[in-house]
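K.L.:
Mind looking over this structure? Questions follow.
The values are calculated or read from the model by the stated rules, or taken from the named source; none is laboratory data. Everything quoted here is computed from the prediction, not taken from an experiment. Heads up, the Cβs are rebuilt from the backbone with ideal geometry, glycines too, and the neighbour counts pull from every protein chain shown.
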């Protein structure tokens, strides 16, 4: 499993953590239900998203060599020009970074760049025309 962890995170975990067509349908039908569903602690027990978050956290906590490639992947997606990047991918990356935030803040290498990342990639989304990006 060790040599395949990066591929598992990129090809399985990341897509699960991205905004989906089902999310879009719920957002359009009932934005309040979308927010309730996404942040419902009882839904967390059966959610594939929660399972993906747990795998991501466990892999980066238990295997030191996993975090750097994961963060390189995140930076690569965030640095893709906005006009060519799928906003759903940015949502997934922000979700991943949020999941790893306490781990990242314990490492000087990442802590030093956190403020800049928040300003350029998170606060900028507060004016996004996409409601789900503002909600993230």
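K.L.:
Does residue 53 fit the bill of being within 24 Å of residue 135 (Cβ to Cβ), touching a helix residue (DSSP H, G or I) at 6+ places or on another chain (Cβ under 6 Å) and modelled with pLDDT of 90 or more? Outline the logic, then answer.
P.N.:
Values: within 24 Å of residue 135 (Cβ to Cβ): yes; touching a helix residue (DSSP H, G or I) at 6+ places or on another chain (Cβ under 6 Å): yes; modelled with pLDDT of 90 or more: yes.
It is true that residue 53 is within 24 Å of residue 135 (Cβ to Cβ), touching a helix residue (DSSP H, G or I) at 6+ places or on another chain (Cβ under 6 Å) and modelled with pLDDT of 90 or more.
K.L.:
Restricting to segment 121-136, and then to whatever is free of Cβ contacts under 8 Å to residues at least 40 places away in the same chain and outside any loop (DSSP other than H, G, I, E, B), can you tell me which residue is farthest from residue 17 (Cα to Cα)?
P.N.:
That would be 127.
K.L.:
Of all the residues that make up segment 79-88, how many are within 14 Å of the chain's Cα centre (by Cα) and more than 16 Å from residue 120 (Cβ to Cβ)? Write out each step before concluding.
P.N.:
So in segment 79-88, the residues within 14 Å of the chain's Cα centre (by Cα) come out as 86-88.
Filter once more, keeping what is more than 16 Å from residue 120 (Cβ to Cβ): 86, 88.
Count: 2.
K.L.:
Right, next: For segment 1-90, please list each of the helices (runs of 4 or more DSSP H) lying entirely inside it that holds at least 3 residues being loosely packed, with under 10 Cβ neighbours inside 10 Å.
P.N.:
It comes to 21-29.
K.L.:
Identify, please: which residue in segment 91-110 is touching a residue at least 12 places away in the same chain (Cβ under 8 Å) and part of a loop (DSSP other than H, G, I, E, B) and is, among those, farthest from the chain's Cα centre (by Cα)?
P.N.:
107
K.L.:
Kindly indicate which of 112, 86, 40 is at pLDDT 90 or above and farther than 24 Å from residue 3 by Cα.
P.N.:
It is 86.
K.L.:
Report whether or not residue 113 is assigned to a helix (DSSP H, G or I), more than 14 Å from the chain's Cα centre (by Cα) and surrounded by 12 or more Cβ atoms within 10 Å (Cβ to Cβ).
P.N.:
Yes.
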